[in-house]
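The structure appears below as structure tokens.
Coordinate-derived values only; no laboratory data. None of these values were measured; they are calculated from a predicted model. Cβ placement follows ideal geometry from the backbone for every residue including glycine, while neighbour counts extend to all protein chains displayed.
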Amino acid sequence: MDFTMSAAAVALRSELRTMIHEQLPADFVGAFTDDPADLEVAQKFCRLLADRGLLCLAWPEEAGGRGASVWEQTVVREEMWAHHEPRGAQYMGVNWVGPTIMRHGTKRQQEQHLPPISRGEIIWCQGFSEPNSGSDLASLRTTAKPDADGWLISGQKIWTSYASMAQWCFLLARTSTGGRKQEGLTVFLVPMSDPSIEVRPIRAMLGPHHLNEVFFDELRVTEDNVLGTVDNGWSVVQEVLAYERVGIARYARAERLLHDAPKVLGDRWDDVPSELGNRWTRMLTHCRRARLLAYKVLALQSEGKVQPGDAAAYRIAVTTLDQDSAEVLIEIAALADTDSAGAAEREAIVQFRKEVEEHWRYSQAATVASGSIEMQRVLLARALLAVS
């Protein structure tokens, strides 16, 4: 398969890098630090992307996009993640919430939700994981009980990223029992402003807004909040997870930082121990492997042929890359000498260390988020055994 990017994709990458260089502070390492200014930088940059039609590039024009190819959207994903995701939390709405609403939502839901996502105005959170129902998502216990004019939802979600700042939640709840645990689940689109919803932040090293507990106390919703059909939410979620697991181009940040390492160390690069240098080379090879696996899954998705095992193979490769490359980069960053460096070199070293630390911190959850690596291995094993 030929994964060479088109001239349009190459030009887009150049445009995005120019925007990043001109619009983001040199010390930017993400939106969710302890400095509120970083969040405002991301929100402003997100609006700029939307104004230029780059936020939802591959969406149809009638949905607020430009009808570009999936490969151009991939360029956006890669450049955003390589530079610490300056879209903030918008990637969730762009990568899979919006597209899922396009495929399964009513006309009213599409008209309500797609325009604000494409304008970068709305943040979504995902109400999936629960206490004792993380990797085994189908065993969740949040219930939606029929009411006179809709449903009453009660239960708890956990590890919900961005819940403290999101306006809407893509919520999975149980609407019936009696069959297999994957049956009787329904997706609801619910406003986070409802007083029946309580959000409790979970302190973590990832920074503000990332992790939260969310409690639903008889949240009242109507049929207009149901996405797809009642009791058929599991099929929607399986589709969502396949898209989510390739929606973040984790390999792009690892690759950029690995390439930056020799430039930052300068003459001291020759003093890097051979064992560490060999691991650095191996990580670059693993970046290439993860990138090509991602491209394979994207090509299959565009043809409607993607299977859980395909996404799982990529997820295993990219999350282990995230963690292994972070360890290598931490060791390399420690070798940089600020004492004998000039002002410009010292500034570059300090920023490199800051970026590497952020990469390491975020990588720690990589093999748990969006389905643990153990579950990905189960999915891949099932796919391989089915073939054999």
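What to note about this one:
- Across the cross-link table entries 263/296; 263/354; 157/296, which are compared at the Cα atoms, the separations over 22 Å belong to 263/296; 157/296.
- With Cα atoms, 0 to 90° folded angle of helix 250-265 axis to the chain main axis: 20
- Cα gyration tensor shape of region 7-88, rounded if a/c is under 1.5, else prolate or oblate by comparing a/b with b/c: prolate
- Angle between the chain longest axis and helix 373-387 axis [Cα atoms, degrees, rounded to 10]: 80
- Relative contact order (%) - region 301-388, alpha-carbon pairs under 8 angstrom, separation at least six: 52
- Relative contact order %, region 192-240, counting alpha carbon pairs below 8 Å whose residues are six or more apart: 30
- Global geometry of region 126-232, whether rounded, prolate or oblate, following the gyration tensor of its Cα atoms and the 1.5 cut on a/c: oblate
- Loop trypsin sites (Lys or Arg not before Pro), region 178-268 (other Cβ atoms within 10 Å of the site Cβ: 16 or fewer; DSSP): 180, 181, 203
- Of the trypsin sites (Lys or Arg not before Pro) found in region 280-388, those in coil by DSSP whose Cβ has at most 12 other Cβ atoms within 10 Å are 305.
- Among 138-147, 226-235, the order from most to least packed when residues are scored by Cβ within 10 Å on average: 226-235, 138-147
- Rounded if a/c under 1.5, otherwise prolate or oblate - the chain, Cα gyration tensor axes: prolate
- For region 249-387, the spread of Cα coordinates along the three principal axes comes to 59, 25, 24 Å, biggest extent given first.
- In order along region 276-284, phi translates into HN-Hα couplings of 5, x, 5, 5, 4, 5, 4, 5, 5 Hz, rounded to whole numbers, per the Karplus curve 6.51 cos²θ - 1.76 cosθ + 1.60 with θ = phi - 60° and x for Gly and Pro.
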